[in-house]
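One structure is given below, encoded as structure tokens.
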Amino acid sequence: EAGVAQSPRYKIIEKRQSVAFWCNPISGHATLYWYQQILGQGPKLLIQFQNNGVVDDSQLPKDRFSAERLKGVDSTLKIQPAKLEDSAVYLCASIPGTGRYEQYFGPGTRLTVT
Amino acid sequence: LAKTTQPISMDSYEGQEVNITCSHNNIATNDYITWYQQFPSQGPRFIIQGYKTKVTNEVASLFIPADRKSSTLSLPRVSLSDTAVYYCLVGGNQAGTALIFGKGTTLSVSS
């Protein structure tokens, strides 16, 4: 089966600019996660979707970050305006559900804010 | 959500068995233990998951004592390609449960 797809793979922007990341989970996976991974640290959960509804966004900096999953399939994460400290890899993951809950991760988008 | 403690780094040689232990003293009754592997410039990859006793798959074994306050990931006969960061996570096994990643254990395998 195809894996989790993310684009772009790399993005360089200046601070105060906006940026968007796209994720297409594995077909049939109802739960989708966005993580932020800063160099040298483990992934930090930003937001979790179940179908097109938000399950957990407690760690999402809502003043600048937003995410949507309108049709319960692919998802977009946006940062507006970006700050230097947003430089990180943004990972998308999904889980099979139906008795299997291991997360399948995409390759990530490496964001550099200058 | 239960926190985990792992060694920051470990070194090994090719062909050796590597055991990485994770402490999770406040694990909840319905929490599962899951291990992921991450290579540079890639997303984490699921290795193994367990609830109690021992679980084995084609890649690794997971040992969980009766009190479940720790777990040990065992990698048999490691190779250079096993050099990676290994994360131990504990959490509920329901779709609505988030998991917290720690800093992981960086395993370096030498020839």
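The values are calculated or read from the model by the stated rules, or taken from the named source; none is laboratory data. All figures in this text were calculated on a predicted structure; none of them were measured in a lab. So basically every Cβ, Gly included, is an ideal-geometry build from the backbone, and we count neighbours across all protein chains shown. Areas reflect the complete protein model, heavy atoms only, side chains present, ligands, DNA and RNA absent. Shrake-Rupley method; radii C 1.70, N 1.55, O 1.52, S 1.80 Å.
Give me the compactness ratio for the protein assembly as shown, meaning the Cα radius of gyration over 2.2 N^0.38 Å.
On the way: Rg = 17.6 Å, N = 225, 2.2 N^0.38 = 17.2 Å.
After normalising by residue count via 2.2 N^0.38 Å, the value is 1.02.
Rounded to whole numbers, the Karplus 3J(HN,Hα) couplings from phi for the range A:88-96 are 4, 9, 9, 10, 10, 9, 9, 10, x Hz, using 6.51 cos²θ - 1.76 cosθ + 1.60 with θ = phi - 60°, and x at Gly and Pro. Counting only other residues whose beta carbon sits under 14 Å from that of A:Pro81, what net charge do I get with K and R as +1, D and E as -1? So the surrounding residues net to +2. Restricting to chain A, what percent of DSSP beta bridges are antiparallel, rounded to 5? In chain A, approximately 90 percent of DSSP beta bridges are antiparallel ones.
Each label was represented as a point 7 Å from its Cα along the Cα-to-Cβ direction; for B:Asp67 and B:Ser81 these points are 3.9 nm apart. Model label sites at A:Ile38 and A:Ser58, defined 7 Å from Cα along the beta-carbon direction, differ in position by 2.0 nm. Tell me, how many Å apart are the Cα centres for the range B:1-59 and for the range A:58-110? Distance between centres, Cα-based: 23 Å.
Where is the GNM fluctuation largest for chain A (alpha-carbon springs, 10 angstrom cutoff): A:Thr31, A:Thr76, A:Thr98? Of the options given, A:Thr98 has the highest mean-square fluctuation. A Förster radius of 22 Å combined with the Cβ-Cβ distance from B:Ser111 to B:Ser74 puts the calculated FRET efficiency at roughly 0.55.
Neighbouring Cβ atoms from other chains, within 10 Å of the Cβ of residues in A:88-100, number 2 on average. Here the Karplus curve 6.51 cos²θ - 1.76 cosθ + 1.60, taken at θ = phi - 60°, turns the phi angles of the range B:57-71 into couplings of 10, 6, 9, 7, 10, 10, 10, 10, x, 4, 7, 6, 7, 8, 8 Hz, with x standing for Gly and Pro.
Indicate the gyration tensor shape class of chain A (rounded, prolate or oblate), computed on the Cα atoms with a ≥ b ≥ c the square roots of the eigenvalues: a/c under 1.5 is rounded; otherwise a/b larger than b/c is prolate and the rest oblate. In terms of gyration-tensor shape, prolate.
Can you give the average number of partner chain beta-carbon atoms within 10 Å of each beta-carbon in peptide A:5-11, as a whole number?
Values: counts 0, 1, 0, 0, 1, 0, 0.
Whole-number average of other-chain Cβ neighbours for A:5-11 is 0.
Treating only the Cβ of Lys, Arg, Asp and Glu as charged (+1, +1, -1, -1), what charge dipole size does chain B show about its Cα centre? Round to the nearest 20 debye. List each step's numbers first, then the result.
Numbers: 8 positive and 7 negative charges, 65 e Å.
Once rounded to the nearest 20, the dipole reads 320 debye.
In straight-distance terms, cross-link reach from A:Lys83 covers every one of the lysines whose alpha-carbon lies under 27 Å from its own, apart from those fewer than eight places away in the same chain; here that gives A:Lys11, A:Lys15, A:Lys44, A:Lys62, B:Lys103.
Heavy-atom surface analysis with a 1.4 Å probe gives the protein assembly as shown a carbon and sulfur content of 50 percent of its accessible area.
Mean shadow of chain B, computed from the convex hull of its alpha carbons, in nm²?
Values: hull surface 26.5 nm².
Orientation-averaged projected area of the Cα hull: 6.6 nm².
So how much accessible surface do B and A hide from each other in total, probe 1.4 Å, in square angstrom to the nearest 100?
Values: alone 6240 and 6320 Å², together 11050 Å².
Interface between B and A: roughly 1500 Å².
Here the spin labels are modelled as points 7 Å beyond Cα on the Cα-Cβ line, and at B:Lys52 and A:Gln80 they lie 5.1 nm apart. For peptide B:33-44, the mean count of partner chain Cβ atoms within 10 Å of a residue's Cβ comes to 4.
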